[in-house]
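Down below is the structure, laid out as structure tokens.
No lab work stands behind these numbers, since they all come straight from the coordinates. Only a predicted model underlies this, so the values are computations on that prediction, with no experimental measurement involved. Cβ atoms come from the backbone with ideal geometry, glycine included; neighbour counts cover every protein chain shown.
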Amino acid sequence: MARITYITHDGKPYEVEAAPGSTVMENAVRNDVPGIDAECGGACACATCHVYVDPAWAEAVGPAEPMEEDMLDFAFDVKPNSRLSCQIRVTPELDGLVVRIPERQS
Ligand code: FES
């Protein structure tokens, strides 16, 4: 399992245990973390699962694929560390991952 901490825009942390192979989005939805809408269910087609990867984790998480980059254009307040959480697959190496949730998704 990998522990993921989601921090809401107002600073509230939510820690969840995530199974390898699941996505960062799925674990947020499953654990009622507020602020991740995930309207398309993880198909990289809505940009409502937008998160900011903590800079300390950027390298471990890796960059977005081109399709995700295109979809991020539709997200609110995109930053260099923006990712779509449905496109981040949990691995044991991501144990301790911290992501922040934007104030709104669109
Ligand atoms: Fe729709 Fe991630 S859930 S793009």
| said: I'd like to compare 14-27, 47-60: which one has the highest average count of other Cβ atoms within 10 Å, and what's the full order after that? | reply: 47-60, 14-27
| field | Theoretical FRET efficiency, 1/(1+(r/R0)^6), r = Cβ-Cβ of Ala58 and Arg3, R0 22 Å, to 0.05 | value | 0.75
| field | Charge dipole (debye, nearest 20) of the chain; +1 at Cβ of Lys and Arg, -1 at Cβ of Asp and Glu | value | 180 debye
| request: Report the calculated FRET efficiency for Cys40 and Asp10 (r = Cβ-Cβ distance, R0 = 35 Å), to the nearest 0.05. | output: 0.85
| field | Check: the range 7-52 dipole with +1 on Lys, Arg Cβ and -1 on Asp, Glu Cβ, in debye | value | 60 debye
| For the range 10-49, how big is Rg over Rh, using alpha carbon atoms and the Kirkwood form of Rh? | 0.97
| task | At 4 °C and 1.567 mPa s, grab the translational diffusion coefficient of the chain from Stokes-Einstein with a Kirkwood Rh over Cα pairs, rounded to a whole number in µm² per second. | result | 98 µm²/s
| request: Could you work out the local net charge near Glu103, counting Lys and Arg as +1, Asp and Glu as -1, over the other residues with Cβ closer than 11 Å to its Cβ? | output: 0
